[in-house]
Structure formats: structure tokens, C-alpha cells
Amino acid sequence: MTRRYSAFSLIKEGLTGQKGWQPAWRSPEPKKTYDAVIIGGGGHGLATAYYLAKTHGIASIAVLEKGWIGGGNTGRNTTVVRSNYYYPESVAIYGLAHRLYEGLSKELNYNVMLSKRGMVSLCHSTGELEIGARTVNAMQINGVDAEMFSVDDVRRVAPLLNLASDARFPVFGGVWQGRAGTARHDAVAWGYARAAGALGVDIIQNCEVTDFIVEGGRCRGVHTSRGTIRTDRIGMAVAGHSSVLAAKAGFRLPINSYALQACVSEPVKPVLDTVVLSPGTGVYVSQSDKGEIVIGGALDRVPSYGQRGNLPTLEGVISGLLEMFPAFGQLKLMRQWAGIVDVVPDSSPIIGESPLPGLFLNCGWGTGGFKAIPAGGVLLAHLLATGKHHDISRPFDLDRFATGRLLDEAAGSGIAH
Amino acid sequence: MQLFHCPFCGTRDETEFHFGGEAGNIRPDGADVPADRWANYLYMRDNPKGAVREVWVHMNCGEFFVMERDSVGHEVVSSTSLDGAGHAR
């Protein structure tokens, strides 16, 4: 039986006919009761289960996923990992995620293929250069790596980029985060699932939560498509459908659901070994290890739960891409898809106990949830285990919408989600 | 490209329209509205999956109207001018 992945186990299995490999996680029948239940088998939900078992020693945990694990936004994003935010609270949460990502392959004994290829956010005017310098200063003060790039620096890392002075969005420089990069998004879900499963977590797929059990004003369990499950601690990490579950639990959230599209070209030889974001075109682009150009852009403009995306936004993204990289006009688009994201007024996540005691929230990550998966898991696990906020999650409580202490990252770092 | 219906101009491209919020979300009246009531009005949303009733604006003519549509399949059921629809239902 081979459970641990290593060069040694590869050689051993190679010599013995590959017969000893075990499934990466079990698929058990749901039990009647658990110490804690997590709704949503994406990155955040699986990471929560892992840290709940690993850090807090909770013995009996279930992750309930209505489809298959990693089949929602975890498998639909553009795989970028970064922490270039403005406010100290945001840097604390995204910085925690970024640091955990750096050790994740070793932690999980699963290669998440983190590639710290760096990311440049372009500046298209002298005004944007000043805002870029402000962002770099804020990041450095908050202890995150960042530096200003000149046009020559930008040319060095992205020689194919259109740097002509008469471009529609001329490049004046950029903000560089060298530790940013990409990770294999499916591997993050699978790695957490495998590691959580090894610690005894039940990962239950095709199990949709249909209602909550409320007794004495507290959440005491869930009704699911695979039977009733009782527990006193429930976490939900169901980005895109947070409002739908909240309605079942009897409260509302400050969320509108929108489709966020992405697409990939046919695979080509290496042409781009960094992540490039242009605030002018709203497009960000990188090249996957397989060679596909991975393209993302702005949200659709029509609120939606349809995981398709609409054509005007896709057209805008592609025309923006061709403005940035005219050579990519030769490429064929291979796939296009969309995920449904939680759009929150201040573009910051919501983490904390919900208005229904016993039910805890991890939602509202907008277009940027993938990069935050390890932190979302640590913080929701802390809440579930202790009933109290971690210092890093407290500013992100739902109560900020009544107190007015919003964390407006759309204004702070110009990140449009 | 999806076509939406402006009660004033007729059928136009979706890119000419802008989402204005959920219909029936009425601004609280009076001087001493508690903070949670304000938060409810400003931020909290039903955000339903399926049938929705929303305020939209046709940016070309400035007409605000209520559109009923499906938030999954995007079928448009009706477009009614704000006067006729009754924003507050």
C-alpha cells in the first residue's frame, strides 16, 4: 500500500506494476452526526476541513459537496496567486494565504505546482505611476514584497507586450510582485482533499444541502439529498451560491452573484513567463505549464447564476488582450467558461458567525478567492473550533456593513471585484 | 449579444443597459433610522437564483424601469416603466 508520494514510492510502484496506489481520498456514506460539517467542497471548504483536523484536532468532520470537489470556482479561476493589496487588514489575510501557498506542496505532500513567476500590474499614465508608487509603499510598509518597474523592466519580463508610445493604453511602468505567480488549481483542491481524508475527514460528493435544522435559535444540522446530518458547528464556503444558502438559513447577505469568465488558447511554445495585468484593458494573462494562454478579465455586467458568461464581456476581454499582445491574434481560442462569484460592495471577503448562531460564513471573495484558499481555511477552521474570530478575520466580519468599517479594496488597490 | 427591452425605446443591445438594484428596496424614511436598518437598505440583498425583479436603466435614454427575468437562463419576462411597475410592488 502506497500512501505517501515521493521519488522512492514512484520507483517502488514502478517496479511492482503500479498495483499499490490507493485512492487519494475515501468516498464514505454520510454518518448521522459529526463534530463539524462544512458545506462546499471547493478549495476553501476542503482547506477548512484540513486545518480543523490538523490544527484543532477535531475528530469527526464532514465536507458536503453538491457536485464534485473542485468543480465550482476552484476549477474555474485563472490560477493566479498574489497578495498585492492596500489595507493592512487585507495584506494580513492575503499575505497569510500567500505564505501558506509557498509551503503547501510540502505540507500536503501533493504538488500544487506553485510557480512564483512574478506579476506585473501595468501603469498607463503618470497618474497611474503615482498610484502604483503608493501601492508599492503600502505593500512594503505592510511587509509584502513589491517594487516599481520602469518601461525597460516591463519589457524585460514581457517582451511581447505592446509598448508602443501610440498604443491605446501606453505603458509607463508597472507594479511588480516577484513572489506572485500561479498554482495548479485542481491540485489545490485534490491536495487538501487527500490530506484531509488522511486525517479522517469524510468527503461526501453529490450531497446537496436542502435546508438547515434550527432548534432553540441555533443551527443544529442540515437536511441533504443524502439524508439528515446533525452537528453543532457548520461552516459554509459556497462562493456564488452564498445568498441561496443564506436564504434557507433565514438571513440576507451583502452579495450580488455575477459570472466571471475566463478562456484559454491552444497550447503554444513558451512566450510569457510572468503574469501581466492591465488596468486599462481590465485583462490579465499568463501562460500555463501546458502552454495555453490563460486569459481573464472583468465581470459580466448582468447579475447571473448561469455558469456560461455572455458575449459582450468576452469580446471586450479578447480585444483588450489583442491590444496588449498583438501577436496573440494568431492564436485559436480553445475553451471559454464562467464561474459565479460573490460580489460584495467593498470587494473584501466575509468571514465570521452568521446571524444564525452555529453557522459560520466564508464567502464574498469576489473574483479573488483562489489566491486566498489557505487563509480562508485557517480562519474558518479557527472560528469553527473556538467559536471566536482569529485576529486576522475579525475585520472581515459581517458586522462591518452595519458599523461602516468597510475595507474598500476597489478604491484601495484598484482591484475591480 | 442579448436584447433587453426598454419601455421607452424598445428592444436594444444589453450593453446599453445598466443594473440598478433589486426592485422593492425602498430607502428608509425619517431622521432616526437605526444602523442595521440602513445596512439592510444599503447592502443586504435577496440575490435570488431563478426569477428576479430588478430595476435597470437604459443608459441611452435614461429610462429607469423594472425588468423581470431569470437569473440562471437569462430569459426576460417583462419590462415595465417605473411608474407603472410600482418600485415598491
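The values are calculated or read from the model by the stated rules, or taken from the named source; none is laboratory data. All figures in this text were calculated on a predicted structure; none of them were measured in a lab. Quick reminder, even Gly has a Cβ in these numbers, built from the backbone with ideal geometry, and neighbours come from all protein chains shown.
For A:Ser27, the criteria (1) free of Cβ contacts under 8 Å to residues at least 24 places away in the same chain; (2) assigned to a loop (DSSP other than H, G, I, E, B); (3) touching a strand residue (DSSP E or B) at 6+ places or on another chain (Cβ under 8 Å) hold in every case but one, which is (1). When the range A:376-417 is filtered for residues that are of a type in the set (A, V, I, L, M), away from chain B (no Cβ under 14 Å) and under 24 Å from A:Gly42 (Cβ atoms), the ones remaining, listed by number, are A:Val378, A:Leu379, A:Leu380, A:Ala381, A:Leu383, A:Leu384, A:Ala385, A:Ile392, A:Ala410, A:Ile415, A:Ala416.
Out of all the residues in the range A:144-154, is one or more at pLDDT below 95 and not aromatic (Phe, Trp, Tyr)? Yes: one or more hits.
Once the range A:231-243 is narrowed to residues that are within 27 Å of A:Ala59 (Cα to Cα) and not polar (S, T, N, Q), the residue that is farthest from the other protein chains (Cβ to nearest Cβ) is A:Asp232.
Could you tell me whether B:Asn60 is modelled with pLDDT of 95 or more and away from chain A (no Cβ under 14 Å)?
Details: modelled with pLDDT of 95 or more: yes; away from chain A (no Cβ under 14 Å): yes.
Yes.
Looking across the range A:151-185, just one residue is assigned to a loop (DSSP other than H, G, I, E, B), of a type in the set (S, T, N, Q) and touching a residue at least 60 places away in the same chain (Cβ under 8 Å), and that is A:Asn162. Taking the numbered list (1) more than 21 Å from the chain's Cα centre (by Cα); (2) crowded, with 16+ Cβ neighbours inside 10 Å in turn, A:Phe360 passes all entries but (1).
Conditions first: (1) surrounded by 15 or more Cβ atoms within 10 Å (Cβ to Cβ); (2) within 12 Å of chain A (Cβ to nearest Cβ); (3) modelled with pLDDT of 95 or more; (4) not in a loop (DSSP other than H, G, I, E, B). B:Pro48 passes all but one, so which condition is the exception? Single failed check for B:Pro48: (4). Restricting B:Ser79, B:Ser71 to those that are surrounded by 13 or more Cβ atoms within 10 Å (Cβ to Cβ), more than 12 Å from chain A (Cβ to nearest Cβ) and at negative phi reduces the list to B:Ser79.
Scoring A:Ala47 on the criteria (1) out of contact with any Pro (no Cβ under 7 Å at 6 or more places or on another chain); (2) crowded, with 16+ Cβ neighbours inside 10 Å leaves a single failure, condition (1). Exactly one residue out of A:Ala381, A:Ala372, A:Ala402, A:Ala410 is part of a helix (DSSP H, G or I) and free of Cβ contacts under 8 Å to residues at least 60 places away in the same chain: that is A:Ala402.
Per this entry, B:Arg53 is not counted among residues that are within 13 Å of another protein chain (Cβ to nearest Cβ), part of a helix (DSSP H, G or I) and within 27 Å of A:Ala249 (Cβ to Cβ).
Here is a yes/no grid of residues against (1) more than 30 Å from A:Ser60 (Cα to Cα); (2) more than 14 Å from every other protein chain (Cβ to nearest Cβ); (3) not in a helix (DSSP H, G or I):
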residue	(1), (2), (3)
A:Leu245	no, no, no
A:Gln261	yes, yes, yes
A:Leu277	yes, yes, yes
A:Glu315	yes, no, no
A:Leu322	yes, yes, no
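Scanning the range B:22-35 for residues that are exposed (fewer than 13 other Cβ atoms within 10 Å of the Cβ) and free of Cβ contacts under 8 Å to residues at least 60 places away in the same chain yields B:Arg27, B:Pro28, B:Asp29, B:Gly30, B:Ala31, B:Asp32, B:Pro34, B:Ala35.
Condition test on A:Arg252, is it surrounded by fewer than 22 Cβ atoms within 10 Å (Cβ to Cβ) and more than 14 Å from chain B (Cβ to nearest Cβ)?
On the way: surrounded by fewer than 22 Cβ atoms within 10 Å (Cβ to Cβ): yes; more than 14 Å from chain B (Cβ to nearest Cβ): no.
No; evaluated as a whole, the condition is false for this residue.
Looking for whichever is out of contact with any Cys (no Cβ under 8 Å at 6 or more places or on another chain), within 26 Å of A:Gly132 (Cα to Cα) and not in a strand (DSSP E or B) here; the options are A:Ile93, A:Ile69. Which one fits?
Values: A:Ile69 fails: within 26 Å of A:Gly132 (Cα to Cα).
After ruling out the rest, the residue left standing is A:Ile93.
Only residues that are within 18 Å of the chain's Cα centre (by Cα), away from every other protein chain (no Cβ under 14 Å) and not β-branched (Val, Ile, Thr) were counted in the range A:288-311, giving 3.
The set of residues in the range A:263-275 that are under 20 Å from the mean Cα position of the chain (by Cα) and either at the interface with another protein chain (Cβ under 8 Å from one of its Cβ atoms) or among the hydrophobic types (A, V, I, L, M, F, W, C) (or both) comprises A:Cys263, A:Val264, A:Val275. In contact (Cβ under 8 Å) with a residue 60 or more places away in the chain, crowded, with 16+ Cβ neighbours inside 10 Å and either within 14 Å of another protein chain (Cβ to nearest Cβ) or of a type in the set (Val, Ile, Thr) (or both), is that true of A:Ala196? So A:Ala196 fails the test.
The residue list A:Arg405, A:Arg308, A:Arg394, A:Arg335 contains one member that is more than 30 Å from A:Lys54 (Cα to Cα), assigned by TED's automatic domain parsing to the domain that holds A:Ala196 and basic (Lys, Arg), which is A:Arg405. Just wondering, is there one or more residues in the range B:79-88 that are part of a strand (DSSP E or B), touching an Asp or Glu at 6+ places or on another chain (Cβ under 9 Å) and of a type outside the set (Val, Ile, Thr)? Yes: one or more hits.
One residue stands out in the range A:82-133 among those that are touching a Gly at 6+ places or on another chain (Cβ under 6 Å) and among the β-branched types (Val, Ile, Thr): the one that is farthest from A:Ala24 (Cα to Cα), namely A:Val120.
Taking the numbered list (1) within 23 Å of B:Lys49 (Cα to Cα); (2) crowded, with 19+ Cβ neighbours inside 10 Å in turn, A:Tyr284 passes all entries but (1).
Please verify whether A:Phe360 is away from chain B (no Cβ under 14 Å), aromatic (Phe, Trp, Tyr) and closer than 25 Å to A:Val91 by Cα, treating the condition exactly as stated. It is true that A:Phe360 is away from chain B (no Cβ under 14 Å), aromatic (Phe, Trp, Tyr) and closer than 25 Å to A:Val91 by Cα.
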